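The values are calculated or read from the model by the stated rules, or taken from the named source; none is laboratory data. This one's a predicted model, so the numbers in the text were calculated from it and none came from an experiment. Ideal geometry is used to build each Cβ from the backbone, glycine not excepted, and the neighbour counts take in all protein chains shown.
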Amino acid sequence: MSSAPRSVDPDRLKAFSKQVFGALEGAMTSAMIHLGDRLGLYRVMADAAEPMSSAELAERSELHERWVREWLHAQGAAGVLDYVGDGRFVLTPEAEVVLANEQHPAFGCGLFSSLPNTLSVLDQLPEAFRSGVGLDYDAFGSEGARGVERGFAPWYRALLVPMALPRIEGLVPALETGIRVADVGCGGGIALIEMAKAFPRSEFHGYDVSKFALERAEGNRKEAGVENVVFHDPREEPLPDDGSVAFVTTFDCLHDMTDPASVMRQIRGAIAPDGIWLIADIKAKDGYEANVEQNPMAALMLGTSVLTCMSSALSEPGGLGLGTLGFHEDLARHMTEEAGFRRFENLDLGHPVNAFYVVRP
Ligand SMILES: C[S@@+](CC[C@H](N)C(=O)[O-])C[C@H]1O[C@@H](n2cnc3c(N)ncnc32)[C@H](O)[C@@H]1O
């Protein structure tokens, strides 16, 4: 029995089509941003600091003018670059920060650099929808690990040591004296390396299950020339169970884990009686409605969850599957308490995306 056709309002149809094609436009603009970053075009425009023609940009980038011209047109039409007339485009100071200044905490090209890798799993996801089992971070290859690293590194480089750590009572003097530190879910190790450079008397241990992240972390360590950092795969070398770690960090990873409760219990076993655990995780709310109402980036985050975070958190049968917006403050309080922690403080560090919790036994 077929149901009666539903009537379609032509104005709403037009508006809805516009919305859907706007999403496709965003995908194309994202691809252009990926190319601008990868080809060094933003860097060249930032160095020039004045409007450039396609011929000038192509010459300085050693690329073909026709391709550069079409890219400039696409970026101008999208409002990423400003068109100043006479075939010339400019990178505004704000665009320079986001697109070309990797040392600035607002640098944003990192997640665009791994976009092809993030999307490369699309062919595997229909099967994940059927089986329920997702893909871990290694599904995105080495370039995927580099993208995650570049996505988070600017904040660690600019703000972790000078701004965030001094806000935690008693921590900096202990780090200066010399303590054992563990970063669980350390990715490419940038946070740990920044801390290791600042506190040479302390010893730093990074733990991650991604072989590509661990490879990058060791490469980053060598490049930084620091000797007080060691990286481990926790399946082979678990956290110590002797209360010897005075400071533990978990940055943007608990919601990606298949069994975060077990990792929390391991952290409880590792941490000193007067130890400190700093959690950074997405400023999520409890429930779909609250997230959509209060988070203007909810659609971006929920899509990211399907492609990466929830997929990782379901990458083993029985995984908890929290996902990008799944680890909200109430859950964080409840789960850390269940793991044996008694004190929980929300530390507002003014981060646009992350909440920070200081947890103690
Ligand atoms: C979004 S990335 C964050 C990486 C890093 N903390 C950063 O801020 O750049 C999440 C990381 O958690 C790691 N991860 C997932 N489950 C883990 C587990 N059970 N133990 C350790 N690391 C895990 C993933 O491999 C991935 O590198």
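Go through the range 186-219 and give me each residue that's over 22 Å from residue 141 (Cα atoms) and away from the ligand (no atom under 14 Å from the Cβ).
Those that are over 22 Å from residue 141 (Cα atoms) and away from the ligand (no atom under 14 Å from the Cβ): 196, 197, 198, 199, 200, 201, 202, 203.
Please state which of the following conditions residue 324 fails to meet, knowing it meets all the rest: (1) within 16 Å of the ligand (Cβ to nearest atom); (2) over 30 Å from residue 104 (Cα atoms); (3) touching a helix residue (DSSP H, G or I) at 6+ places or on another chain (Cβ under 6 Å).
The single condition residue 324 does not satisfy is (2).
Answer with yes or no whether residue 20 is among the hydrophobic types (A, V, I, L, M, F, W, C), surrounded by fewer than 12 Cβ atoms within 10 Å (Cβ to Cβ) and closer than 22 Å to residue 115 by Cβ.
Yes; evaluated as a whole, the condition is true for this residue.
Residue check, residue 102 against (1) touching a Cys at 6+ places or on another chain (Cβ under 9 Å); (2) away from the ligand (no atom under 16 Å from the Cβ); (3) modelled with pLDDT under 95, all met but one. Which one?
(2)
Mind listing whichever residues of the range 217-237 are farther than 22 Å from residue 270 by Cβ and either among the aliphatic types (A, V, I, L, M) or touching a Lys or Arg at 6+ places or on another chain (Cβ under 6 Å) (or both)?
Listed by number, the list holds a single entry, 224.
For residue 38, indicate whether it is within 18 Å of residue 147 (Cα to Cα), touching a residue at least 12 places away in the same chain (Cβ under 8 Å) and basic (Lys, Arg).
Criteria met by residue 38.
When you scan the range 263-284, do you find a residue that is surrounded by 14 or more Cβ atoms within 10 Å (Cβ to Cβ), assigned to a loop (DSSP other than H, G, I, E, B) and out of contact with any Pro (no Cβ under 7 Å at 6 or more places or on another chain), even just one?
Yes, the conditions are met somewhere in the range 263-284.
Which one of 112, 89 is among the aromatic types (Phe, Trp, Tyr) and either in a strand (DSSP E or B) or over 30 Å from residue 350 (Cβ atoms) (or both)?
Step by step, each of 112, 89 is checked, and only 89 is among the aromatic types (Phe, Trp, Tyr) and either in a strand (DSSP E or B) or over 30 Å from residue 350 (Cβ atoms) (or both).
Given the residues 315, 311, 305, which is the only one that is in contact (Cβ under 8 Å) with a residue 60 or more places away in the chain and assigned to a helix (DSSP H, G or I)?
From the options 315, 311, 305, the qualifying one is 311.
So which of 150, 157 ends up being part of a helix (DSSP H, G or I), within 13 Å of the ligand (Cβ to nearest atom) and over 12 Å from the mean Cα position of the chain (by Cα)?
157
Is one or more of the residues making up the range 4-24 in contact (Cβ under 8 Å) with a residue 60 or more places away in the chain, in a helix (DSSP H, G or I) and either within 22 Å of residue 93 (Cα to Cα) or hydrophobic (A, V, I, L, M, F, W, C) (or both)?
no
Among the residues in the range 47-70, are any touching a helix residue (DSSP H, G or I) at 6+ places or on another chain (Cβ under 7 Å), among the acidic types (Asp, Glu) and at pLDDT 95 or above?
Yes, the range 47-70 contains a residue that is touching a helix residue (DSSP H, G or I) at 6+ places or on another chain (Cβ under 7 Å), among the acidic types (Asp, Glu) and at pLDDT 95 or above.
Residues checked against (1) touching a Gly at 6+ places or on another chain (Cβ under 8 Å); (2) within 19 Å of residue 174 (Cα to Cα); (3) modelled with pLDDT of 95 or more:
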site: 211; (1), (2), (3): no, no, yes
site: 233; (1), (2), (3): no, no, yes
site: 252; (1), (2), (3): yes, no, yes
site: 279; (1), (2), (3): no, yes, yes
site: 285; (1), (2), (3): no, no, yes
site: 290; (1), (2), (3): no, no, yes
site: 309; (1), (2), (3): yes, no, yes
